[in-house]
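First the structure, in the form of structure tokens, and then the observations on it.
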Amino acid sequence: MSEGIVAFLTAWQRGEGCCQTFRPGSELAFSPQPQPTLTLRILPSFLSDSLLRQVLTWRFQHPDRYDGCFISIEADGSLAVCCHPSSDDDPYALISMLSSLLNLQ
């Protein structure tokens with residue numbers, strides 16, 4: 001595990017906002033307020049229409065697997081998938097779920 005992801009997870013566990021490059025063209029962010037939110041974004045220059053179509057298809061074909069995942073296009077054109085973790089959720093499982101939805105595993 002890289003130092004960056006360790007620092008990200010440490011900040012998350014402390015309830016601090018944090019952001020980390022996840023893969024080239026993507027970033028992982030945690031925001032504690034107003035509601036804890038874990039977001040994985042694909043930056044606009046790495047986004048394709050086929051990826052957006054794929055993400056929407058997978059989300060609705062596998063509702064149990066991606067229950068609690070939300071998909072949006074942000075103001076800057078990024079594709080974002082997010083969830084609202086509780087203190088009981090496994091951070092690795094949530095990151096894995098979001099990355100699988102964006103086919104980043």
Q.
I'd like to verify a number: residues in the stretch 35-70 that are of a type outside the set (Gly, Ala, Ser) and free of Cβ contacts under 8 Å to residues at least 24 places away in the same chain, how many?
A. 12
Q: Determine whether the stretch 44-53 contains at least one residue that is out of contact with any Pro (no Cβ under 7 Å at 6 or more places or on another chain) and under 16 Å from residue 96 (Cβ atoms).
A: no
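Here, each number is a calculation from the coordinates, and none is a lab measurement. Bear in mind that the values here come from a model prediction, so they are computed numbers and not experimental data. All Cβ positions, glycine included, derive from the backbone under ideal geometry; neighbour counts span all protein chains shown.
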